[in-house]
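What follows is a single structure, written as structure tokens, with notes after it.
The values are calculated or read from the model by the stated rules, or taken from the named source; none is laboratory data. In this text, all values refer to a predicted model and were calculated from it rather than measured experimentally. With ideal geometry, Cβ positions are generated from the backbone for all residues, glycine too; neighbour counts draw on all protein chains shown. Keep in mind that these areas ignore ligands, DNA and RNA; they rest on the heavy atoms of the full protein, side chains included. Shrake-Rupley method; radii C 1.70, N 1.55, O 1.52, S 1.80 Å.
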Amino acid sequence: MTAADVNLYLVGFMGTGKTTVGRAVARRLGFACLDSDHEIERESGKTIPDLFAGEGEAAFRVRERRFIESGHPAERTVVACGGGLAVQPGMDELLSSRGVVVCLHASIETIIERTARQDNRPLLHVPDPASRVKELYAQREPIYRSLGTLVMTDARPLRDIAAHVVRIWNREAAEFVRKKKGSG
């Protein structure tokens, strides 16, 4: 594997722009772009809300882990990870063993604004979604901050965010290959 082939994993809280940024970065790199939630929906034939309702969150998290372990190409792919995927125990090590990890971050206000426009987030199907966002954000933020290089997505043009992520990937992909060669 060369640095030009190393996968990129975009992690972060819901509404930080992982899928949108992932598509833009994949276009720049000439990579495929996969969204873990979309791939799980495609594989299962069910929507994320239906999976949560029918199987529960724990079963969904098993599907996420399986996708990262073996459900996508090992090279030349940008993976936009679902918001809860990276906070599972051991997932940080699994992701970083498979490629470069970049964490997209946004303010709580931006996240509330972005997620209010969407109905496909089962963890927000509650009477007060904004309070639920704040609660989950408080629980998950310390974990996200420990995962990969942090990139803010508030009030920045997509092209600037994508360019920033590509610069990080360029630097860290070379280091990823050096470490793999040193351990192999």
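Details
- Computed from backbone phi with θ = phi - 60° and the Karplus coefficients 6.51, -1.76 and 1.60, the 3J(HN,Hα) list for the stretch 165-170 is 5, 5, 4, 4, 4, 4 Hz; x is used for glycine and proline.
- C-alpha center-to-center spacing [the stretch 128-150, the stretch 46-84] in angstrom: 19 Å
- Given +1 at the Cβ of Lys and Arg, -1 at the Cβ of Asp and Glu and no other charges, the dipole of the chain around its Cα centre is 680 debye to the nearest 20.
- Accessible surface of the chain [probe 1.4 Å, protein heavy atoms]: carbon and sulfur percent: 52 percent
- Entry comment: accessible area of the stretch 5-76 is 44 Å² per residue, from protein heavy atoms only and a probe of 1.4 Å.
- Nearest-20 debye value, the stretch 95-184 charge dipole, Cβ charges on Lys, Arg, Asp, Glu: 600 debye
- ³J(HN,Hα) computed for each position of the stretch 83-98 - Karplus, 6.51 cos²θ - 1.76 cosθ + 1.60, integer Hz, glycine/proline x: x, x, 4, 6, 8, 5, x, x, 5, 4, 5, 4, 4, 5, 7, 9
- Long-range HN-HN contacts of Asn7 with modeled amide H, under 5 Å: Arg76, Thr77, Val100
- Square roots of five times the Cα gyration tensor eigenvalues for the stretch 101-174, Å: 27, 14, 10
- Among the listed pairs Lys18/Lys179; Lys46/Lys180; Lys46/Lys134; Lys18/Lys181, those beyond 32 Å (Cα-Cα): Lys46/Lys180
- For the stretch 140-184, the gyration tensor built on C-alpha atoms gives an oblate shape. Its axis ratio a/c (a ≥ b ≥ c) is at least 1.5, and a/b is not larger than b/c.
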